[in-house]
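K.L.:
Pasting in a structure now, in structure tokens, and then I'll have a few things to ask.
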Amino acid sequence: MSTPLRILHVSWEYPPVMYGGLGAHVLAIATEQARAGHDVTVLTQHGADTPSDEVVDGVRVVRAREMGEPQERTFANLLSWVASMQRAMNRQGRELIAQWHPDVVHGHDWVVAAAAMTLSREAHVPLVATVHATEAGRHDGWIVGPVSQTVHRRERRLVSAADAIIVCSSAMRDEITAALGPFAAAVTVVPNGVNLEVWQATETACAAARARVGVDPTTPLIIYSGRLAHEKGVGILIDAMPGVLAHVSATRLIIAGRGPRDASLRARVSELKLDAEISFAGFLPEHELRPLVATADCAVIPSLYEPFGIVALEAGALSTPVVASREGGLTEIITDGVTGVLVPPGEATSLAAAIVRVLSDRDYAQQLGRAARNDVTIRYNWPVLAAHTVDVYRHANASSQPRHIIERIPDMNVLTGERVTKS
């Protein structure tokens, strides 16, 4: 039997401070690694009234607190907030590794790049980096504006410093190679997973979930769950709703999540006069989200950019049929017409037609849901994925030489090679 490792995850998301799929991924990986006998610590940011140091499900969670007044957590204040959090993580992390020496530091995305790099260097252990998404991918390949340029540089620093890189899909492997390469580290695909013991819901819970959002048990229900950001394509789903309602008139759409597009999406709903048909539920804790997804007749993932698409696994675990964009990692999770329906990204008409088919053909919808559940059970098991991640750690060797980092912001689309047109 292999020797257990001391594993330090550095992540800006961890319960109860959650923004999207990254936090769920780190929670699952860390918990399964601890169950497998490894000594696992997560260094993360603090939240309101969160303990500074506690053990949860076998994982030690150390939450770094800023000195003085905490920075406001808003997009407008993004870089200042990240800098403040990094200083806190560096300080807390140094204290941690002085008493508990890790065998590997695993950093998750650019937000914690500086802290992960510093701690791996000071501990003289390998740095493993998971790139969950890229700034280039979120903006169709263009790196424009000071914030995007800063994020892109920090992504480059992270992959350049890493001794091993993990991505969640083959599409993401291609993306980081194009957007952030060249780099020395090997790239390994370790997909996201879903906890089948957790992602289930009783009929009573499903009925209560419908009651909470004011949807009758017989009303066709569509669910979107995720961040309200441009790349998630929620506006395309809203624009598809008139086409859906033209064929299935009583349909309701519940949008569960929060993000920078919240106000503009609500305005679009009002502009289309769909306030009675579309409701915004805000961010829902997982115990409320699960039965809502389970009771939905269709889960929609209309992403314009999607490195993986963990919400597709969550819906599949609950046997809820999925309609999703033919985009990024979603094409690797979903087999079109078998475990879900794929449509061209950004096309409201095609999206509406696919949703209508699922809502109108109950046998077809149930067939999709059953196949998805079976596929998730076989392919996306967290204990196996956590063990695969540990294998990456064991094969990573800390570099004794400084990595060369390219700082220049390219004057072209880093994904397509298209050049900037100069007038």
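K.L.:
Quick check for me: using +1 on Lys/Arg Cβ and -1 on Asp/Glu Cβ, what's the dipole size of the stretch 59-204 about its Cα centre, in debye to the nearest 20?
P.N.:
500 debye
K.L.:
Which Cα, out of Ala185, Tyr224, Val167, lies furthest along the positive dipole direction of the chain (beta carbon charges, K/R +1, D/E -1)?
P.N.:
Among Ala185, Tyr224, Val167, the one farthest towards the positive end of the dipole of the chain is Ala185.
K.L.:
Return the distance in nm (one decimal) between the two label points of a simple spin-label model at Asn381 and Val147, each offset 7 Å from Cα along Cα→Cβ.
P.N.:
4.2 nm
K.L.:
Label-point separation (nm) for Trp100 and Ala211, each offset 7 Å from Cα along Cα-to-Cβ?
P.N.:
Roughly 4.3 nm, to one decimal.
K.L.:
Let me have the relative contact order for the stretch 203-379, percent, based on Cα pairs under 8 Å that are six or more residues apart.
P.N.:
After rounding, I find 24 percent.
K.L.:
Of the listed peptides 234-241, 315-322, 262-269, 194-201, what is their order by residue-averaged count of other C-beta atoms within 10 Å, with the highest listed first?
P.N.:
Values: 234-241: 22.5, 315-322: 26.8, 262-269: 15.2, 194-201: 16.9.
So the peptides 234-241, 315-322, 262-269, 194-201, ranked by packing, come out 315-322, 234-241, 194-201, 262-269.
K.L.:
What is the magnitude of the charge dipole of the stretch 141-225 about its Cα centre, with +1 placed on the Cβ of each Lys and Arg, -1 on the Cβ of each Asp and Glu, and no other charges, expressed in debye to the nearest 20?
P.N.:
Using only the charged Cβ atoms, the result is roughly 360 debye.
K.L.:
About its Cα centre, how strong a charge dipole does the chain have in debye, to the nearest 20, once Lys and Arg get +1 and Asp and Glu get -1 at the Cβ?
P.N.:
Here the size comes out at about 600 debye.
K.L.:
Using the 2.2 N^0.38 Å rule of thumb for compact globular proteins, work out how the stretch 203-379 stacks up: its C-alpha Rg over that value, please.
P.N.:
Normalised Rg, Cα atoms only: 0.92.
K.L.:
Given the Cα-Cα distance of Thr349 and Asn397 and 0.36 nm per residue of separation, how much length would full extension add, in nm?
P.N.:
Values: separation 48, 0.36 × 48 = 17.28 nm, distance 5.02 nm.
Gain on extension, Thr349 to Asn397, equals 12.3 nm.
K.L.:
Label Ala48 and Asn374 with points 7 Å out from Cα along Cα→Cβ: what is the distance between them in nm?
P.N.:
The answer from the label model is 4.6 nm.
K.L.:
Next up: GNM on the chain, C-alpha springs below 10 Å: top fluctuator among Ala281, Ala296, Ala365?
P.N.:
Of Ala281, Ala296, Ala365, the most mobile in the Gaussian network model is Ala281.
K.L.:
For an R0 of 25 angstrom, estimate the FRET efficiency from the Cβ-Cβ distance between Ser170 and Leu272 and round to the nearest 0.05.
P.N.:
0.10
K.L.:
Where in the stretch 210-231 does the amide nitrogen come within less than 12 Å of the point 7 Å from the Cα of Asn77, taken along Cα to Cβ?
P.N.:
From the stretch 210-231, the list is empty.
K.L.:
For n ≥ 4 DSSP H runs only, could you compute -39500 (n - 2.57) per run for the chain, divide by its residues and tell me the 222 nm figure to the nearest 500?
P.N.:
One gets -13000 deg cm²/dmol as the mean residue ellipticity at 222 nm.
K.L.:
How would you rank 331-341, 52-62, highest first, on the average number of other Cβ atoms within 10 Å across their residues?
P.N.:
Sorting 331-341, 52-62 by mean packing, highest first, produces 331-341, 52-62.
Only the coordinates and a few stated rules stand behind these numbers; no lab work does. Since the model is a prediction, treat every value here as computed from it, not as a measurement. All Cβ positions, even for glycine, are placed from backbone atoms using ideal geometry, and neighbour counts span all protein chains on display.
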